[in-house]
Number of protein chains: 2
Amino acid sequence: MPFGFELIKKDRSTGARLGKITTPHGEVDTPAFMPVGTQGTVKALRPDDLSACGAQMILGNTYHLYLRPGHDLIGKMGGLHSFMNWPGPILTDSGGFQVFSLGALRKILPDGVRFRSHIDGSLHMLTPAKAIEIQEALGSDIMMCLDECTPYPATRRQTLDSLTLTTKWAALCREAKKNDHQALFGIVQGGMFMDLRRQSLEELVRLDFDGYALGGVSVGEPKDQMYAVTSEIAPLLPASRPRYLMGVGTPADIVHGVSCGIDLFDCVMPTRCARHGLLFTNKEKIVIKNARWREDTAPLDETCDCYTCKNFSRGYLRHLYVAGEILAMILNTLHNIRFYMRLMENIREALRRDDFAAFQKDFQNQEIF
Amino acid sequence: MPFGFELIKKDRSTGARLGKITTPHGEVDTPAFMPVGTQGTVKALRPDDLSACGAQMILGNTYHLYLRPGHDLIGKMGGLHSFMNWPGPILTDSGGFQVFSLGALRKILPDGVRFRSHIDGSLHMLTPAKAIEIQEALGSDIMMCLDECTPYPATRRQTLDSLTLTTKWAALCREAKKNDHQALFGIVQGGMFMDLRRQSLEELVRLDFDGYALGGVSVGEPKDQMYAVTSEIAPLLPASRPRYLMGVGTPADIVHGVSCGIDLFDCVMPTRCARHGLLFTNKEKIVIKNARWREDTAPLDETCDCYTCKNFSRGYLRHLYVAGEILAMILNTLHNIRFYMRLMENIREALRRDDFAAFQKDFQNQEIF
């Protein structure tokens, strides 16, 4: 199946949309959350765990896979789907965000970013063409353009320069792309300046991408600024293409993003929190190491249908976490990913019922997240 | 079901036996290998993974569970089966071996062992009655007597003193035992002195245990001495009771033990090796971090039916291991445990076919282990 997006329904009172993305590796019901599989694995989970949790599409990190084991190797091994035995859709980022995060180890040049590997210090150059070459070797269903992720805070001048570079690189990515079966998304930058966001968006739409992402959010800005950018810009993204809010976020961020018309999310939050013993439930956030759970025979969340909640008590999970057992990471991650997947299922169900505004209000009233 | 042992068949040309242990939590086909679940989990595996690998009985470590989370807590939570959600049989050790391994942190006294916790330095006393009290709170199907594990090397005098203490403590364990539904095994000591081994055995048999173990093996002695003790003493253990070779061992040690008439084994080898990237196959031992596996698209073992071998390449497993991913531990452990379980299945099948001597010869000729 070629790449496609079907807009099934638009909510009456918010910007929320119910949709379906079609890819060569299957369909994704949107709004969707993509668990992050940084190094060719969603940490602590097996592919069949991900499927059991209801995950449909996962994210792979180009930067990490390029450095180790290398995109050439993964290409030789049949691509990332085959390498990690994940049969479903995969979106890969461009590697840009991780490279920019290297700080002193990288230098932005007009043609790309020169950086040193965080693993062995070796010198590399990531250009738009290289970002596409890597993602084509990985064989993801959705590739992302190399962009310059504008930092926060940034002056208007810096932000304009950054978005100009991003547009230039987006055009080069578009040109470099060879594979028809892989989709390519553009990334809207423009920082906290709404007119620059609109400028970026217009320049990218002229290049005609298969989908559009909001980048440069969740980079340290106050939450109300992130919400303001999402609220104002998401509705302007082409309605006929998937809209992706990169690196977001908390359950509340996701519900807000959906209400603005976002279709795709990704974040390390559920997996990273799980490994640090912070667990999401519909009643509270649980810090599992706390002594109050010591003798608790109840599951994490009575309403949850995950393997962890169906089989283990909070007391046992606390013991595993305190004892530093690998099983703690496994069971915690299973639960948090299932929690995020249930959130997305509930959002889609509310949209199907034409009831999203009420769902959002209920969700906000809980004030858990 | 009460505890019982059925001797199904004795091999014609070796001491090997095919049998079945019955416990309140189900049956165990023998010869059997017990994966070690030190802290209430077999490291990196879920209970359903263990069942899928074919494990029937697992071992729990009294020392670790006593210190953390505490046997009282586990008792309150319904016992170890319920706490860790393992529905099958569990054997618990007495805690003695771990306490003796503390070295300078412990002192052997006539009534028991005084020791400091390796976790917080707190002072504790493990006596025969305490070892039983803990194991009764844990609710294991098979409990072990507190013994003094004779170190290697030891003089005849030390060995005699040690076995005298072991017999005295075994009698006290027998007396302390309250629960009818939990079986209790005695542990034969006597070091490398065959006459002392026989003396220990006779003293224990007089006390009448539900099963008998060979202890004080695999404690640093040369392999031929371990094999000599097993060969000479295992056949003298009461034929109507299960025979357990504690803490053993490599696949070769297990095949040898079976040929001497041993029914039960436990060892951290398959799980610990897995976490260090040493993987067992029917052709070779694989050190998965080696560069030679980098581009290898074959499974670890073509003949293996485990989740790892059915879904992943050596190249991917190498990547996961080198990248330090949790999934490396999970997939490696699944494979090694399945390897051990298949070994035991093959041993039992050979015994059923009256073909164990040929199996043993074939196995030894491979010279892999």
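Derivation of every value follows stated rules applied to the coordinates shown; laboratory data play no part. All values reported here derive from a predicted model rather than from experimental measurement. FYI the Cβ positions are ideal-geometry reconstructions off the backbone, even for glycines, and counts take in every protein chain you see.
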- So for the range A:217-369, Kirkwood radius off the Cα pairs, Stokes-Einstein at 25 °C and 0.890 mPa s: how many µm² s⁻¹? 148
- Go ahead and run the numbers for FRET between residue A:118 and residue A:367, Cβ-Cβ distance against an R0 of 41 Å, rounding to 0.05. 0.60
- Query: When the Debye formula is applied to the Cα atoms of the range A:274-335, each taken as the same point scatterer, what base-10 log of I(q)/I(0) results at q = 0.12, 0.14, 0.16, 0.17 Å⁻¹?
  - Reply: -0.21, -0.29, -0.39, -0.44
- Rounded to the nearest 500, what is the 222 nm mean residue ellipticity of chain B from helices alone, with -39500 (n - 2.57) per DSSP H run of 4+ residues and division by all residues? -12500 deg cm²/dmol
- Qualifying lysines (Cα of each under 17 Å from Cα of residue B:9; at least 8 residues distant if same chain): B:20
- Task: Summarise the long-distance tail of P(r) for the range B:111-240 by giving the % of C-alpha pairs beyond 19 Å.
- Result: 51
- Modelled label-to-label distance, residue B:346 and residue A:76, 7 Å Cα→beta-carbon offset: nm? 3.1
- Message: Given R₀ = 51 Å, what would the calculated FRET efficiency be for residue B:179 paired with residue A:6, taking r from the Cβ atoms and rounding to 0.05?
- Response: 0.20
- Message: I'd like the projected area of the range A:1-45, averaged over all directions, using the convex hull of its alpha carbons. Report it in nm² with one decimal.
- Response: 4.4
- Query: Between residue B:68 and residue B:284, what length comes free when the chain is fully extended (0.36 nm per residue of separation minus the Cα-Cα distance, one decimal in nm)?
  - Reply: 74.0 nm
- Message: On the Cα set of the protein assembly as shown, report Rg and Dmax in Å, please.
- Response: 30.1, 93
- Query: Alpha carbon centre of the range A:119-172 versus the range B:279-327: separation in Å?
  - Reply: 34
- Two-site FRET efficiency, residue A:202 against residue A:105, from Cβ-Cβ distance with R₀ of 30 Å, rounded to 0.05: 0.35
- Note on the structure: For chain B (alpha-carbon point model, no solvent) the Debye-based log₁₀ I(q)/I(0) at q = 0.15 Å⁻¹ works out to -1.37
- Note on the structure: Binned at 5 Å from zero, the C-alpha pair distances of the range B:172-279 give percents of 2, 12, 22, 22, 18, 12, 8, 4, 1, 0
- Message: With equal scatterers on the alpha carbons only and no solvent term, can you work out the Debye log10 of I(q)/I(0) for the range A:1-125 at 0.09, 0.18 1/Å?
- Response: -0.34, -1.01
- Query: Hey, which of these cross-link pairs are over 20 Å Cα-Cα: A:10/A:361; A:130/A:177; B:107/B:168; B:43/B:130?
  - Reply: B:43/B:130
- the range B:290-369: mean projected area of Cα convex hull, nm²: 5.9
- Assuming 0.890 mPa s and 25 °C, estimate D for the range B:141-194 with Stokes-Einstein, Rh taken as the Kirkwood radius over Cα pairs, in µm²/s. 207
- Convex hull per residue volume in Å³, alpha carbons only, for the range A:85-126: 97
- Message: I need two numbers for the range A:36-96: Rg to one decimal and Dmax as a whole number, Cα atoms only, in Å.
- Response: 11.0, 31
- Alpha-carbon radius of gyration plus Dmax, which is the widest Cα pair, for the range B:109-168 in Å: 13.5, 37
- Here the cysteines of the protein assembly as shown without any disulfide-compatible Cβ partner under 4.7 Å are A:53, A:149, A:260, A:267, A:273, A:306, B:53, B:149, B:260, B:267, B:273, B:306
- Cα pair distances in the range A:188-235, grouped into 5 Å bins until the bin that holds the longest one, percent each: 5, 22, 35, 21, 11, 5, 1
